[in-house]
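The values are calculated or read from the model by the stated rules, or taken from the named source; none is laboratory data. Only a predicted model underlies this, so the values are computations on that prediction, with no experimental measurement involved. Virtual Cβ from ideal backbone geometry, glycine too; neighbours counted across all protein chains shown.
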Amino acid sequence: MISSIREDFPLAADAIHVWALSIADFFRDFGIDFPPADWGLF
């Protein structure tokens, strides 16, 4: 069976998700909207 990082390491996946969205929020101030706000691992 193939598992995902979300299933094997839920705390790490949450940390990566929060970190990535905080970086994206920083760039939204400059008009760069990638990844979209609803992007995520879930």
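Out of the residues in region 24-42 that are modelled with pLDDT under 60 and surrounded by 10 or more Cβ atoms within 10 Å (Cβ to Cβ), which is farthest from the chain's Cα centre (by Cα)? Can you show your working first?
Going through region 24-42, the residues modelled with pLDDT under 60 turn out to be 37, 40-42.
After this cut, where a residue has to be surrounded by 10 or more Cβ atoms within 10 Å (Cβ to Cβ) as well, the list is 37, 40-41.
Values: 37: 9, 40: 5, 41: 6 Å.
Taking the candidates together, the pick is 37.
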Task: Where a residue in region 1-23 is surrounded by 11 or more Cβ atoms within 10 Å (Cβ to Cβ) and its partner, wherever it lies, is assigned to a loop (DSSP other than H, G, I, E, B) and modelled with pLDDT under 80, with Cβ under 6 Å and at least six apart - done: 6/41; 13/41; 17/40; 17/41
